[in-house]
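Reading through the structure tokens given below for one structure.
The values are calculated or read from the model by the stated rules, or taken from the named source; none is laboratory data. The structure displayed is predicted, hence computed values, not measured ones. Cβ coordinates were reconstructed from backbone atoms using ideal geometry, including for glycine residues, and neighbour counts include every protein chain displayed. Note: accessible area is taken over every heavy atom of the protein model, side chains too, but ligands, DNA and RNA are not part of it. Shrake-Rupley method; radii C 1.70, N 1.55, O 1.52, S 1.80 Å.
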Amino acid sequence: MNELTELRIEPAAPVSHDRAEMIRVRGLVQGVGFRPNVWRLAHRHGLRGWVANDAEGVCIRACGSSDAVDDFVRALSLEAPPLARVDAIERASVEGLDDDTEFRIVASHTGEANNRIVRTGVVPDAASCAECVREVFDPFTRRYRYPFTNCTHCGPRLSIVDAIPYDRSATTMRAFTMCRACRAEYDDPDDRRFHAQPIACHVCGPRAWLERADGAPIAIDALTTLDAVDAVCSLLQRGQIVAIKSLGGFQLACDATNEMAVARLREKKHRDGKPFALMGRDLTVIRSCCVVTENDEALLQSAAGPIVIMDIVNAGVGACLGVAPSVAPGIATLGFMLPSTPLHHLALRRMNRPIVLTSGNRSDEPQCIDNAEARERLASIADYFLLHDRDIAHRVDDSVARVVHGTPRILRRSRGYAPVTMPLPEGFADAPSVLAMGAELKNTFCLLRGGHAIVSHHIGDLEEALTYSDYRRSVEQYLRLFEHEPQLVAVDLHAEYLSGKLGRASAEERAIPLAQVQHHHAHIAACMAENGLPLDTTPVIGIALDGLGMGDDGALWGGEFFLSDYRNCKRLATFKPVAMPGGEQAIHEPWRNTYAHLMAEMGWARFAMNYADLELCRFLEAKPRKLLDEMIAREVNSPLASSCGRLFDAVAAAAGVCRERARYEGQAAIEFEALVDRRALDEEDDSLAYPFAIPRLKGSNLPYVEPLAMWQALLGDLVLGTAVPVIAARFHKGLAIVIARMAEKLSRYESGEEAIMTVALSGGVFQNRILLEQVIQRLEANRFRVITHRQVPSNDGGLSLGQAVVAAARSLVK
């Protein structure tokens with residue numbers, strides 16, 4: 001019998017398949033609830049380690065099985081918090097496994113990050129999230145009717161931050177010590193207020209109160225049974241003007257349906273004619289006034305919460321059900337926003353009609369941000385003040401957006417959008433640190449470093465002394481906030497721009513190079529950058545249409561066609577240069593441009609002989625023609641300008657629109673666009689569109705847009721009594737046709753070369769929705785790829801980005 005021997009196999013020592021990684025997450029990942037989200041994801045995947053903020057973003061040490069770590073890293077992007085934006089995730093294996101059995105959130109790491117490749121972003125202020133709004137109106141929550149309720153998904157960010165990393169001690173909330181209940185939420189990784197730096201409540205946070213502008217006492221009980229914020233609604237309903245301290249500065253409010261209140265606000269604010277922004281309690285209120293598309297609704301309800309420009313509900317100019325005529329005189333659109341803070345939600349709870357909500361300043365000045373400053377500067381405008389005691393670190397205006405050709409486009413980039421860090425296209429990673437100073441009007445500035453750009457919030461027009469002072473202060477704040485040490489300063493060519501003067505002085509003081517960037521090249525480069533064209537892209541046809549910008553030849557340009565890449569910009573064609581009699585005065589008095597154009601095309605004798613019966617002829621005859629003729633002939637304060645913006649002024653004034661004086665920049669063009677007869681635009685044959693020729697300029701031999709035939713057709717329509725809306729439609733269509741023709745002509749600008757089939761559209765004139773849509777449609781019908789602005793304005797608000805990328809590209813020449 002065979003004996004069976006039992007074989008005993010001792011189990012081998014367990015083999016660990018765990019690994020440890022250091023993971024770097026870059027992007028908008030601070031102040032948005034990213035760390036607690038990492039904590040929750042790590043627990044779900046059974047990992048141990050830690051997560052922390054530092055000056056470059058979020059740093060993670062993760063230990064666990066290979067599959068768990070891989071799944072965790074994928075989830076970091078796919079399940080990021082609502083306000084976060086993940087630009088890059090970098091992974092590196094490290095030696096040693098943690099002995100910890102848990103995953104922890106550890107304190108932020110500080111440190112110099114100036115020379116590192118990618119920096120974290122400071123998140124923009126965000127409109128109240130639905131959950132916080134629900135709490136504010138729920139009487140069973142402890143934040144019932146608390147006007148400063150927020151969480152990691154909403155509330156103040158840029159407006160309160162002084163430094164990074166973004167912690168409470170580096171914000172203006174450091175003045176408020178958290179109560180025990182808020183501290184418990186702040187310390188709980190599973191709470192949506194974990195490390196929400198502006199966290200507060202009735203017990204421990206900022207408070208709001210009401211004051212009369214004349215200093216007299218207020219009987220709140222006579223206004224409301226609730227509180228000071230609710231009293232604002234009663235005051236507005238009674239026709240009062242209230243200055244409200246909001247997120248990024250003061251706002252002035254009145255009942256938008258009360259013509260007397262709106263007119264009084266206009267007079268006191270010195271805002272002559274320019275449309276007011278509006279706020280509606282909800283979409284129902286806004287829909288009673290405007291046609292709200294799905295794209296409009298998405299913009300209104302987004303975290304950015306911009307003012308959205310929309311068509312009025314009855315499609316008539318200057319009229320809307322219930323809205324006072326002087327809210328937006330002469331135009332067919334209104335700019336609406338929804339409440340962006342709990343304070344606004346509470347103040348409008350009982351308001352079933354829209355309110356005017358405009359910046360708290362006199363026209364052209366920066367808005368007030370300090371209580372004492374507001375009491376001094378706004379006392380002659382407002383009847384009451386709604387104040388609070390949370391300081392504002394950065395002045396931040398409301399952003400403005402509009403849906404054009406089915407795409408949301410930012411017209412003014414500020415609250416909700418700035419200072420989002422924008423990844424630049426391929427090739428810019430090794431660029432030096434650039435400070436780009438921006439333009440004179442609608443100013444922003446830009447910081448560029450390590451393949452990313454930060455475009456500032458909207459500053460405004462630097463010609464006003466207080467705005468220029470705010471600009472200088474904001475530049476220093478951003479340099480400090482982002483620890484940005486520029487190695488190169490970029491400015492516009494125009495020697496008299498205040499932004500350029502400051503940039504030149506800064507470059508000299510820092511002993512660093514100065515880059516001068518032509519105005520319209522910067523426009524096109526900004527469009528290229530935001531559309532992701534790489535550094536070494538093949539050139540595009542750039543079409544830049546605006547008011548005025550200094551050209552390479554020292555002349556004033558404003559209707560230009562280029563062959564452009566980031567480093568070079570060759571002028572291929574232009575609009576006809578026409579004198580601006582009176583110089584800057586021609587911007588404010590559009591009839592001067594009409595006269596100059598007519599004299600350039602046909603002279604007075606021919607004009608008077610053929611069109612003596614026109615009211616336009618009688619109007620111009622009464623002007624000091626002899627003086628104007630001498631100024632033009634002698635080139636005295638009458639510079640030539642190839643400006644599309646001035647052409648719009650000239651045509652609008654000829655048609656009787658805003659002829660005598662423009663009360664704000666671009667008024668004539670804006671009102672002329674508003675008059676366009678859509679039926680004539682869409683249904684009339686192209687043969688009725690006003691024609692333009694494309695001859696060549698003497699001397700330079702550049703092709704140019706010649707408007708003689710357009711003027712003859714327009715004046716003929718005036719003789720026939722053609723309705724101004726039809727005239728407006730025919731002009732817009734004719735201009736779009738010649739722009740597309742010019743692009744087609746230039747696409748093979750040198751015989752034998754492959755056609756250039758990408759066209760970049762930029763400049764403030766392209767904020768005209770009719771023109772932009774017409775040009776895009778006609779170019780695309782000719783198989784062009786058309787790139788346009790979305791993230792930064794096509795006007796001078798986007799110029800700083802263009803300056804920065806041009807300067808960076810030139811510094812990277814091989």
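Miscellaneous remarks
- Failed item, numbered, when I241 is tested on (1) open to solvent by less than 10 Å² (accessible area, probe 1.4 Å); (2) in contact with an Asp or Glu (Cβ under 8 Å, 6 or more places away or on another chain); (3) under 27 Å from H153 (Cα atoms): (3)
- Count of segment 541-558 residues which are touching a residue at least 24 places away in the same chain (Cβ under 8 Å) and either more than 28 Å from A495 (Cα to Cα) or assigned to a loop (DSSP other than H, G, I, E, B) (or both): 3
- Subset of segment 598-623 (residues that are open to solvent by 80 Å² or more (accessible area, probe 1.4 Å), in a helix (DSSP H, G or I) and touching a residue at least 60 places away in the same chain (Cβ under 8 Å)): N610
Residue by residue, here is whether (1) among the basic types (K, R); (2) crowded, with 20+ Cβ neighbours inside 10 Å holds:
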position: R350; (1), (2): yes, no
position: R353; (1), (2): yes, no
position: L357; (1), (2): no, yes
position: P366; (1), (2): no, yes
position: I369; (1), (2): no, yes
position: A379; (1), (2): no, no
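- Among all positions in segment 799-811, there is no residue which is open to solvent by 10 Å² or more (accessible area, probe 1.4 Å), more than 22 Å from D546 (Cα to Cα) and without any contact (Cβ under 8 Å) to a residue 60 or more places away in the chain.
- Taken over segment 292-308, the criterion of being open to solvent by 40 Å² or more (accessible area, probe 1.4 Å) and not in a helix (DSSP H, G or I) is satisfied by T293, Q301, A303.
- Meets criteria (of a type in the set (D, E), part of a loop (DSSP other than H, G, I, E, B), within 25 Å of L28 (Cα to Cα) and open to solvent by 20 Å² or more (accessible area, probe 1.4 Å)) for E426: yes
- Qualifying residues in segment 471-491 (those that are open to solvent by less than 10 Å² (accessible area, probe 1.4 Å) and in a helix (DSSP H, G or I)) - the one nearest to H394 (Cα to Cα): S474
- Among the residues of segment 497-523, those identified as within 19 Å of D796 (Cα to Cα) and either modelled with pLDDT under 95 or assigned to a helix (DSSP H, G or I) (or both) are L498, S499, G500, K501, L502, G503, H519, H520, H521, A522, H523.
- Checking each residue in segment 764-793 for being surrounded by 18 or more Cβ atoms within 10 Å (Cβ to Cβ), not in a helix (DSSP H, G or I) and not β-branched (V, I, T) picks out N768, F784, H789, Q791, P793.
- E744 being open to solvent by 10 Å² or more (accessible area, probe 1.4 Å) and either part of a helix (DSSP H, G or I) or closer than 14 Å to L688 by Cα (or both): yes
- Test result for L761, among the hydrophobic types (A, V, I, L, M, F, W, C) and open to solvent by less than 20 Å² (accessible area, probe 1.4 Å): yes
- Qualifying positions in segment 255-291 - touching a helix residue (DSSP H, G or I) at 6+ places or on another chain (Cβ under 8 Å) and surrounded by fewer than 19 Cβ atoms within 10 Å (Cβ to Cβ): E259, A263, D272, G273, K274, L283
- Residue satisfying all of: in segment 3-61; open to solvent by 10 Å² or more (accessible area, probe 1.4 Å) and among the β-branched types (V, I, T); modelled with the lowest pLDDT among these: T5
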